[in-house]
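Just so you know, all these numbers are worked out from the coordinates, no wet-lab data involved. All of these numbers come straight from a predicted model, not from anything done at the bench. Don't worry about glycine lacking a Cβ; one is built from the backbone with ideal geometry, like all the others, and counts go over all protein chains shown.
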Amino acid sequence: MSKAVSALNGASYDGFVRVSETGLRGMITLRGDLGSKKLAAAVKAATGAAMPKQRKITKGAKGLVAWMSPDELLLVVAYADAGEVVAALDAALSGEHALAVNVSDARAVFRLEGAGVRDVLAKTCPVDLAKDAFGAGDLRRTRLAQVPAAFWANEDDSFELVCFRSVAQYAFDVLKVSAQPSGEVNFL
Amino acid sequence: MLTLQCPYCGVWAEETELHAEGEAHLKRFGPDSSDEEFETYMFMRENPKGVHFERWRHSNGCGKFFHAARSTTTLEVFGTYSAQTYEPPQEIKDKISAKYPNWSWRDFS
């Protein structure tokens, strides 16, 4: 198999916030009945994380589980493990109305870190990013300028953002402009 | 700018995160229907001044379709509700009645 390359090959930008493409990530879209015990057990086995509540993301030893909609989860695992995880989910969920798809190569992931990280996102997304409104473990699917994206906050107040691979360059450019020095808002 | 709460993911989403999907509570008439029924289904839409029921999609979010009840004149939103229903929930109808006692919209009032 040819060597997999992430959308922007790890490009990064240092403004008042550091924006970097995180490189290859294993990502699996899992659709099904999120109330199902079988599904929760399969997710736990794949990532070590508990089932996330509405608009939350949970962390386990092997990966993250993000609540994307009432019947959809996004599992974030190591890139090399994605294939095996899908196979394991398929086996564990046989007989259930569920679908697991490896979407690792269809997405791009960015990491934003620095003091003004909330400003950078608030300038481009219609989301209340005040600290008490959006904290660690919160996830939001929204609009990043003109494209759909999802992001979540980590414990250290860094953010990770997922978008479609096809718009990775656009998303990176938007974030770069938003993070340009002297563009600080210092409000959030 | 409209701000609607998506009943599926609970987000208070502003207009640009959503997509308007036309009128709510349309009854589909398919291949075996009469010409009039199909024409009504296909083309005939309400265009009220006042209370209106619309379908929206949380296109930049969870991707689900939902319904919203609002006034086209004041932009007041009476509420949003699941699209898996044939008529608006009673609490939303009550809310509208409190403001517009004689409202009617297609078969609802």
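Considering (1) within 14 Å of another protein chain (Cβ to nearest Cβ); (2) touching a residue at least 60 places away in the same chain (Cβ under 8 Å), the lone condition that A:Ala130 does not fulfil carries the number (2).
Please verify whether the range A:43-55 includes one or more residues that are touching a helix residue (DSSP H, G or I) at 6+ places or on another chain (Cβ under 6 Å) and within 25 Å of A:Ser158 (Cα to Cα). Within the range A:43-55 (the criterion being touching a helix residue (DSSP H, G or I) at 6+ places or on another chain (Cβ under 6 Å) and within 25 Å of A:Ser158 (Cα to Cα)), the answer is yes, since at least one residue qualifies.
Within the option set A:Glu160, A:Glu155, being in contact (Cβ under 8 Å) with a residue 12 or more places away in the chain, crowded, with 20+ Cβ neighbours inside 10 Å, farther than 21 Å from A:Leu34 by Cβ and of a type in the set (Asp, Glu) holds for one residue only, A:Glu160. Scanning the range A:33-60 for residues that are closer than 19 Å to A:Ala150 by Cβ and either hydroxyl-bearing (Ser, Thr, Tyr) or part of a loop (DSSP other than H, G, I, E, B) (or both) yields A:Leu34, A:Thr47, A:Ala49, A:Met51, A:Pro52, A:Lys53, A:Gln54, A:Arg55, A:Thr58, A:Gly60. The residue list A:Arg25, A:Arg18, A:Arg31 contains one member that is within 18 Å of the chain's Cα centre (by Cα) and either aromatic (Phe, Trp, Tyr) or more than 23 Å from A:Glu72 (Cβ to Cβ) (or both), which is A:Arg18.
Against the conditions (1) within 14 Å of another protein chain (Cβ to nearest Cβ); (2) over 22 Å from A:Pro70 (Cβ atoms); (3) touching a Phe, Trp or Tyr at 6+ places or on another chain (Cβ under 6 Å), B:Tyr41 satisfies every one except (1).
Is one or more of the residues making up the range B:45-52 among the basic types (Lys, Arg) and either more than 15 Å from the chain's Cα centre (by Cα) or closer than 14 Å to B:Ile96 by Cβ (or both)?
Checked the range B:45-52: no residue is among the basic types (Lys, Arg) and either more than 15 Å from the chain's Cα centre (by Cα) or closer than 14 Å to B:Ile96 by Cβ (or both).
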